[in-house]
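Shown next, in structure tokens, is the structure this report addresses.
The values are calculated or read from the model by the stated rules, or taken from the named source; none is laboratory data. This structure is a prediction, so every number in the text was calculated from the model and none was measured. Methodologically, a virtual Cβ is constructed for each residue, glycine included, from the backbone with ideal geometry; neighbour enumeration extends over all protein chains shown.
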Amino acid sequence: MFTFATHTKMSVPMNFIESIKRPILNEMQLFAKTFAESLSTDNPMLESVNEYVLQKSGKQLRPMMAMLSAKMCGPVNQDTINGALSLELLHTASLIHDDVVDDTTERRGKPSVNARWTNKIAILSGDYILSKALSCAVKTNSLPIIKAIANIGMQLSDGELLQLVNARITSSTEENYYTIIRKKTALLFSTCTEVGGLSVNADEKSLAHLRNFGEYLGICFQIKDDIFDYSTDIQIGKPTGNDIRDGKVTLPLIYVLLNTAGELRDKILSWVENKDFTPENIETITQYTHDNGGVKYAIAQMEAFKNKAIEELNGFADSEEKKSLILCAEYAASREF
């Protein structure tokens with residue numbers, strides 16, 4: 001199943017998502033139908049929230065990665081669908097909960113669930129969707145898949161708590177940063193590719209490369225998200241400066257504060273420590289981070305992880321699915337929102 005081949009640079013299409021999805025169009029249509037069915041309920045309140053969540057569902061990159069990883073190693077089956085469904089539901093629930101934790105009022109350009117309803121309704125709706133995710137995992141009757149999905153549920157919460165504990169700049173090092181984003185983001189991508197492989201009984205060597213590919217891509221994806229926080233582009237779909245406002249010290253700012261000195265740097269450090277985030281202070285922090293190479297450094301790290309992800313696919317035989325997974329990595333680094 002795992003053979004050695006070399007990766008050549010691909011031309012990047014304008015519409016990433018449609019190109020990524022092309023080898024799995026039928027599978028994704030079945031996934032979309034099953035996803036909607038999984039959220040059906042006779043509870044009027046849950047029905048309203050679930051319909052709203054479906055309308056706001058994103059590009060579904062994670063289930064696409066699960067499907068592509070499976071199809072690269074064997075025929076997609078019902079376990080693949082249920083595994084991908086479980087992971088997307090778990091991801092959806094985690095976003096709803098995250099918005100409550102972070103007091104976020106906007107998600108993908110629309111009011112978040114907690115802003116549209118209340119924090120209580122958001123938490124309970126997230127719990128319901130999480131339970132649905134576990135139910136779908138059980139349908140695979142695969143202990144390795146269930147264990148992988150249960151583990152990522154724990155890691156997501158672990159990552160969020162670590163971020164809260166390490167909110168102080170004195171605790172903010174690159175090592176801590178990568179530990180947090182690995183748990184918060186990268187391991188979910190890694191589990192998607194792993195579950196895809198597990199669903200078609202991929203061999204251990206292939207599974208290891210799929211896990212690594214997903215993890216490196218996930219790190220790349222999160223660094224890109226953190227770079228967005230230093231953007232003024234209104235197309236991103238969520239307010240910029242949110243991480244700074246929430247006291248989250250991410251890679252661009254970590255780099256700058258650890259590699260500069262002076263009065264303004266000390267003033268910014270004081271603002272971060274004391275959560276003195278006026279609009280003027282956020283603008284100053286953003287500009288300082290740009291001027292001192294923080295964003296440029298983060299971009300270089302993001303590109304390095306993208307390339308590491310692509311290298312993990314070198315041993316798989318060339319296929320349309322492999323091309324689409326490479327495009328997933330290219331998309332993670334070059335997306336504009």
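What the table shows:
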quantity	calculated
Selected residue [farther than 17 Å from M45 by Cα, among the polar types (S, T, N, Q), at pLDDT 90 or above and not in a helix (DSSP H, G or I)] from N151, N141	N141
Qualifying positions in segment 85-100 - under 17 Å from the mean Cα position of the chain (by Cα) and β-branched (V, I, T)	T92, I96
In segment 142-170, the residues that are over 30 Å from N274 (Cβ atoms) and without any contact (Cβ under 8 Å) to a residue 40 or more places away in the chain	L143, I146, K147, A150, M154, Q155
Close pairs from segment 179-197: first over 11 Å from L87 (Cβ atoms), partner outside any helix (DSSP H, G or I), Cβ under 9 Å, at least 6 apart	T179/N166; I180/N166; I181/T250; G197/G74; G197/D203
Within segment 194-215, tally of residues that are on the phi > 0 side of the Ramachandran plot and of a type in the set (S, T, Y)	0
Residue ID - farthest from Y297 (Cα to Cα), chosen from residues in segment 259-280 that are at pLDDT 90 or above and under 29 Å from the mean Cα position of the chain (by Cα)	I268
Of residues in segment 25-84 being of a type in the set (K, R) and part of a helix (DSSP H, G or I), the one nearest to the chain's Cα centre (by Cα)	R62
Condition broken by N281, with the remaining ones in (1) within 22 Å of Y178 (Cα to Cα); (2) polar (S, T, N, Q); (3) surrounded by fewer than 20 Cβ atoms within 10 Å (Cβ to Cβ) satisfied	(1)
I326 over 25 Å from Y177 (Cβ atoms) and touching a residue at least 12 places away in the same chain (Cβ under 8 Å)	yes
Filter result for the condition that a residue is acidic (D, E), surrounded by 22 or more Cβ atoms within 10 Å (Cβ to Cβ) and either touching a residue at least 12 places away in the same chain (Cβ under 8 Å) or more than 25 Å from K248 (Cβ to Cβ) (or both), over E312, E336	E312
Looking only at segment 180-202, and only at residues there that are part of a loop (DSSP other than H, G, I, E, B) and in contact with a helix residue (DSSP H, G or I) (Cβ under 6 Å, 6 or more places away or on another chain), the one that is nearest to I310 (Cα to Cα)	A202
Failed item in (1) surrounded by fewer than 14 Cβ atoms within 10 Å (Cβ to Cβ); (2) free of Cβ contacts under 8 Å to residues at least 60 places away in the same chain; (3) more than 23 Å from the chain's Cα centre (by Cα), with A300 passing the rest	(3)
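Condition check ((1) surrounded by 16 or more Cβ atoms within 10 Å (Cβ to Cβ); (2) of a type in the set (D, E)) across all residues:
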| position | (1), (2) |
| --- | --- |
| T80 | yes, no |
| D98 | yes, yes |
| D103 | no, yes |
| E106 | no, yes |
| V113 | yes, no |
| S125 | yes, no |
| S131 | no, no |
| C136 | yes, no |
